[in-house]
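Every read-out reported here was derived from the displayed coordinates using simple, explicitly stated rules and does not represent laboratory data. This is a predicted model, so every value here is computed, not measured.
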Amino acid sequence: MGKISMKGVCDMHVHTNPDLRLRAYDDFQLADAAIRVGARAIVIKTHLGFTVNRAYLTNQYVKKEFMVKIPASLCTAALL
């Protein structure tokens, strides 16, 4: 089987640290991984409250670290 491309994918439900239990990534690590595979967007989820502030900070991180222009953000999405 050939390699599968993740370019342009939008992951609509990803739990990140901090959360009720240990997750594989924090918000910035997930953004880094998403950029590496060419994802278009990630939706950060948590059981501990709202994610709009975390998505905002992740969007700012992506803009600064990767020089990516991000359109107006969705409430809980970090657009890449």
| Under 27 Å from the Cα of Lys3 - lysines, other chains or at least 8 residues apart | none
| request: State the antiparallel share, in %, of DSSP beta bridges confined to the chain, rounding to the nearest 5. | output: 40 percent
| Percent RCO, i.e. relative contact order, over the chain, from Cα pairs under 8 Å lying at least 6 residues apart | 31 percent
| query | How about Lys63: which lysines have a C-alpha closer than 18 Å to its C-alpha, ignoring those fewer than 8 places off in the same chain? | reply | none
| Hits among aspartates and glutamates - C-alpha to C-alpha of Lys69 under 17 Å, sequence gap 8 or more where chains match | Asp32
| request: Please work out the Cα convex hull volume for the chain and give it in Å³ per residue. | output: 94 Å³
| field | Long-range amide H partners of His15 with built H, under 5 Å | value | Lys45
| remark: A correct Karplus calculation of ³J(HN,Hα) over the range 25-32, with 6.51 cos²θ - 1.76 cosθ + 1.60, θ = phi - 60°, whole Hz and x for Gly and Pro, returns 9, 8, 4, 5, 5, 5, 4, 4
